[in-house]
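Contents: one structure, followed by commentary.
Please treat every number below as a calculation from the coordinates, not as lab data. Keep in mind the model is a prediction, meaning the values are calculated, not measured. Glycine gets a Cβ as well: all are built from the backbone with ideal geometry, and neighbour counts include every protein chain shown.
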Amino acid sequence: MKVSECMSRDVQVVKPDQPIREAAQFMLRSDAGSMPVCDGERLVGMITDRDIAVRAVAEGRGPETLVRETMTDKVEHCFEDDDVEEVAMKMSDSQVRRFPVLNRADHRLTGIVSLGDLSRSRQSEAASIALDGITDPGGPHDQSTETR
């Protein structure tokens, strides 16, 4: 089964020049902990509620801080034609619950695939694979300023 068969196509995005306050408001309204950051249709990063708390608030930055100053710019992603099990393994290895989905031809954002999407797919066992790695302690969690 391909990612395009289970991903969410209606994705809320934020722009790098928007304030983190707006990103937080989008997250609140959509009950999401992360959002893709796009310049047009091109994915340039991800911002999470943790990025806002740890990279902005904990450093004394205010709500008008730009998303680009807080986002993670090295983003794990997948393509629409990737196999669900392969993506579940990547999610497990990266310890993330959501992957932006890109079109392979032009690399534009076309959706997002979440652990929940995997669990509702015909290959729901893929969600177990991802969850096993996501819930392992430790991993590549880097909130340092060098990743920006």
Approximate spin-label separation Glu41-Arg108, in nm, with each point projected 7 Å along Cα-to-Cβ: 0.1
The range 5-26 and the range 65-107: distance between their alpha carbon centers, rounded to Å: 14
Ellipsoid equivalent to the range 3-136 - semi-axes via the Cα gyration tensor, in Å: 26, 16, 12
Förster radius 22 Å - calculated FRET efficiency between Ala32 and Lys74 (Cβ-Cβ, nearest 0.05): 0.65
Amide hydrogen neighbours beyond the local backbone of Leu43, cut-off 5 Å, H modeled: Leu109
Positive-end residue of Pro100, Pro16, Val57, charge dipole of the range 1-127 with Cβ unit charges: Val57
The range 3-136: relative contact order as a whole-number percent, Cα under 8 Å and 6+ apart: 27
Per DSSP, loop GluC sites (Glu not before Pro) in the range 52-99 with at most 12 further Cβ within 10 Å: Glu64
Amide hydrogen neighbours beyond the local backbone of Leu102, cut-off 5 Å, H modeled: Cys78, Phe79, Glu80, Thr110
